[in-house]
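Below is one structure; the comments refer to it alone.
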Amino acid sequence: MQLYIAAEAKEEIQKKVTSLTRSPKHYKEVFDRINLYMPLIERVLKEEGLPDDLKYLAIQESHLIADDISETNAVGFWQFKQAGALEVGTRIDRYIDERMHIVASTRAFAKYIKKHYSHFNNWLYSLLAFHLGRGGAKTFIKGNKWNIGARTATIDSHAHWYIYHFIAHKLVFKDAIGKELHPELYLYECRDCQGKTIHELSQQFGVSLPMIRTYNKWLKPTKIPEDATCSVLIPMTHQQYAQLDHLRVYSLLDKYKINYSAYWDKAQNFPCITSAKSTNKSQPTIQINGINGIVAQPNDNLTTLATKGNIPLKQFLEFNDIDAKHQIEIGQAYYFKAKNNRANVHYHIVRHKETWWSIAQKYGIKLSSLLSKNRARKALTLTAGRVLWLRFMRPANIPIAYLNDPIINNAPSKPDVAQTYAVTENTTTYFKKGSNN
């Protein structure tokens, strides 16, 4: 929906923005929870075919506190009352309260909001119905003469404060989400845990009992019921998860015998450029790696590219991980939508003069994600031949790998004989592909 904010609404929205950012300590606490839980919320909303912006409502409702309980006895991440939760099949009994499970409760929210949307055909009315109930929303809309369209809406004094607050939460957190990992933890979803105790899970994953308890408030006993359908959330350090992530893709990577050099030629397939529908015949839109974008031409600048994408300059800069001082590169791919968190291939072998940014643009991956996957804190100068991970985080026990210069220069047709060397913190070790040495 395209929203137009009237002056009187701006004032009310700004009050909420100010309150959300007044305390740096409180903001940091919420921000850390966002980095921990939001990937799970975003995944469920995408699987359910819902607008991504609905994720801000979870922050508004509970600040992502699992066992948050309101004065009206609404519980959990999405603040469901018992009747509403049961209506969409949420389990609430003496063993389990799925309102406190981030994935199960988000799935329940998706079902609930879809029912409202099927009635109103309007996302803002649907949000209001989530807060007031369908009858309450209808009464407010009629009594306040808040008449808006399904695709455009003016937010003015007729709108409900709940909508003001939703917009404020988006304004405050939209630039923060997805930029950083939680400083310490990653939530791993452990499935097929029925019948196990949290003590057994603690031993299996090397995570303390109190930590498992903290992130599984939905589970009341110490043993997971046999008929439980939701996963147990295991709070791991990034190092623990990296090791587990490596095991998860073990059959693909085959540990140290990864055929990195096979990916030298695959880089030529990126950026993958295809045509897309466009309303501007003089400047047809294309898709780059499945994302709407454009290839810079002579005389282009930041403003003209943003205009061609019909997006604000600030958004264009954000989508492309650049600032206002960036010099447009002719022939470079630029994006009109947010880039992905992972690429469509597993590795990239750095060419001469390539940078973290140019590689992120090449594959349509967020620069922050590319750095994170390669355990890099800053975008320092890259050495030609370095292997970058594009889909998964490089496990801590797999060292940074490089391909030797002859391989880089000649791009061999027989990658199975490529020499690879791995750099650890203090030493350099050498081994051949296909060998264990």
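Here are the numbers for the structure shown:
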{"quantity": "Residue pairs meeting the criteria (Cβ under 7 Å; at least 6 apart or on separate chains; first at negative phi, in the stretch 306-332; second part of a loop (DSSP other than H, G, I, E, B) and aromatic (Phe, Trp, Tyr))", "calculated": "309/336; 311/336; 319/336"}
{"quantity": "Any hit, the stretch 373-387, residues being at negative phi, assigned to a helix (DSSP H, G or I) and surrounded by 19 or more Cβ atoms within 10 Å (Cβ to Cβ)", "calculated": "yes"}
{"quantity": "Residue that is modelled with the highest pLDDT, among those in the stretch 390-407 that are within 20 Å of residue 355 (Cβ to Cβ) and open to solvent by less than 10 Å² (accessible area, probe 1.4 Å)", "calculated": "390"}
{"quantity": "Residue match in the stretch 217-233 (condition: of a type in the set (Asp, Glu), part of a loop (DSSP other than H, G, I, E, B), more than 30 Å from residue 4 (Cβ to Cβ) and more than 27 Å from the chain's Cα centre (by Cα))", "calculated": "yes"}
{"quantity": "Selection within the stretch 122-139 - open to solvent by less than 30 Å² (accessible area, probe 1.4 Å) and among the aliphatic types (A, V, I, L, M)", "calculated": "124, 127, 128, 129, 137"}
{"quantity": "Subset of the stretch 99-121 [open to solvent by 10 Å² or more (accessible area, probe 1.4 Å) and either at positive phi or touching a Gly at 6+ places or on another chain (Cβ under 8 Å) (or both)]", "calculated": "99, 100, 111, 112, 121"}
{"quantity": "Failed condition for residue 181, given (1) over 22 Å from residue 90 (Cα atoms); (2) modelled with pLDDT of 95 or more; (3) hydrophobic (A, V, I, L, M, F, W, C)", "calculated": "(2)"}
{"quantity": "Residue that is surrounded by the fewest Cβ atoms within 10 Å (Cβ to Cβ), among those in the stretch 348-362 that are touching a helix residue (DSSP H, G or I) at 6+ places or on another chain (Cβ under 8 Å) and not in a loop (DSSP other than H, G, I, E, B)", "calculated": "357"}
{"quantity": "Pairs where the first residue, in the stretch 44-58, is of a type in the set (Val, Ile, Thr) and the second is outside any loop (DSSP other than H, G, I, E, B), C-beta under 7 Å, 6+ apart", "calculated": "44/103; 44/106; 44/107; 44/110"}
{"quantity": "Matching helices (runs of 4 or more DSSP H) fully within the stretch 1-74 where at least 1 residues are surrounded by fewer than 17 Cβ atoms within 10 Å (Cβ to Cβ)", "calculated": "7-21, 24-47"}
{"quantity": "Residues satisfying the stated conditions in the stretch 191-204, i.e. touching a strand residue (DSSP E or B) at 6+ places or on another chain (Cβ under 8 Å), at pLDDT 90 or above and surrounded by 14 or more Cβ atoms within 10 Å (Cβ to Cβ)", "calculated": "196, 197, 198, 201"}
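The values are calculated or read from the model by the stated rules, or taken from the named source; none is laboratory data. Values in this document were obtained by computation on a predicted structure and should not be read as measured data. Virtual Cβ from ideal backbone geometry, glycine too; neighbours counted across all protein chains shown. What goes into the accessible areas is simple: the full protein's heavy atoms, side chains included, and nothing from ligands, DNA or RNA. Shrake-Rupley method; radii C 1.70, N 1.55, O 1.52, S 1.80 Å.
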